DNA sequence: AGGAAGATCTACT
DNA sequence: GTAGATCTTCCTA
């Protein structure tokens with residue numbers, strides 16, 4: 001791992017216009033910032049999952065309904081929907097002619113920790129954002145965010161360069177909680193990071 | 001009306 | 001670490 005040469009800069013929109021697994025892997029080590037009333041909340045992304053199109057049985061694209069339609073928008077769009085009473089934060093990826101998306105499963109809390117703790121009603125740092133439903137609750141994110149695109153001026157969510165990880169510092173496993181998974185594992189996480197939802 | 005859905009919390013072997 | 005109850009929304013019959 002090393003500090004990214006682009007540290008602090010916003011990730012370009014082209015970054016998201018690639019297959020979900022590549023984006024999911026490279027999103028690790030990026031900063032996820034959510035601005036609430038001009039105050040930043042967030043931290044470093046430490047766990048993600050890739051979801052694909054209609055051929056992926058675990059993907060919303062294979063299920064129909066309005067979430068599917070939202071998934072067909074341009075790369076970089078925020079995609080939030082509810083599962084088991086939890087909002088889950090995704091970012092639409094590409095390439096443009098093929099649908100896919102990346103689920104943000106966990107971040108390492110860094111910015112606005114007291115506020116995030118209040119949002120969650122949890123004051124133990126390791127339990128604060130170590131799961132997709134925990135992340136959205138800590139960052140106060142819901143389906144109203146579906147109208148934003150991460151690189152647009154008015155977006156309350158931003159993705160910034162921070163740390164670059166090497167391939168051997170990244171762990172891989174099957175996606176968590178899905179009833180019908182693909183053969184290839186599509187969950188990515190930073191090894192030895194204590195804020196992943198599980199090892 | 002019924003059931004599934006990328007989850008979380010609690011309470012323990 | 002796992003087991004079971006429970007959370008809410010929306011799709012399909």
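Structural remarks
- Taken together, the criteria exclude residue A:45 from residues that are touching a residue at least 12 places away in the same chain (Cβ under 8 Å) and away from DNA strand B (no atom under 15 Å from the Cβ).
- When each of A:82, A:110 is tested for being touching a residue at least 40 places away in the same chain (Cβ under 8 Å) and within 16 Å of DNA strand C (Cβ to nearest atom), the lone residue that passes is A:82.
- Extreme residue, farthest from DNA strand B (Cβ to nearest atom), among residues of segment A:75-91 that are closer than 12 Å to residue A:51 by Cβ and under 11 Å from the mean Cα position of the chain (by Cα): A:91
- Test: residue in segment A:112-129 that is touching a strand residue (DSSP E or B) at 6+ places or on another chain (Cβ under 8 Å) and part of a strand (DSSP E or B): no
- Residue selected from segment A:172-197 under the condition touching a residue at least 24 places away in the same chain (Cβ under 8 Å) and within 13 Å of DNA strand C (Cβ to nearest atom), by the criterion surrounded by the most Cβ atoms within 10 Å (Cβ to Cβ): A:189
- Residue A:63 being over 18 Å from the mean Cα position of the chain (by Cα), farther than 19 Å from residue A:135 by Cα and near DNA strand B (Cβ under 9 Å from one of its atoms): yes
- Considering segment A:136-157, the residues that are within 16 Å of DNA strand C (Cβ to nearest atom) and either part of a helix (DSSP H, G or I) or free of Cβ contacts under 8 Å to residues at least 12 places away in the same chain (or both) include one that is surrounded by the fewest Cβ atoms within 10 Å (Cβ to Cβ), namely A:144.
- Residues that are away from DNA strand B (no atom under 14 Å from the Cβ), in a loop (DSSP other than H, G, I, E, B) and more than 24 Å from residue A:56 (Cβ to Cβ), drawn from segment A:158-198: A:161, A:162, A:165, A:166, A:191, A:192, A:193, A:194
- Against the conditions (1) in a loop (DSSP other than H, G, I, E, B); (2) touching a helix residue (DSSP H, G or I) at 6+ places or on another chain (Cβ under 8 Å); (3) near DNA strand B (Cβ under 10 Å from one of its atoms), residue A:55 satisfies every one except (3).
- Only one entry in A:99, A:199, A:150 is modelled with pLDDT under 95 and touching a helix residue (DSSP H, G or I) at 6+ places or on another chain (Cβ under 8 Å), namely A:99.
- Just so you know, in segment A:52-72 the residues that are touching a residue at least 24 places away in the same chain (Cβ under 8 Å) and closer than 21 Å to residue A:157 by Cα include one that is surrounded by the fewest Cβ atoms within 10 Å (Cβ to Cβ), and it is A:72.
The values are calculated or read from the model by the stated rules, or taken from the named source; none is laboratory data. Just so it is clear, the structure is predicted and the values come from calculations on it, not from any experiment. For neighbour counting, all protein chains shown are included, and Cβ atoms are generated from backbone atoms with ideal geometry for every residue, glycine included.
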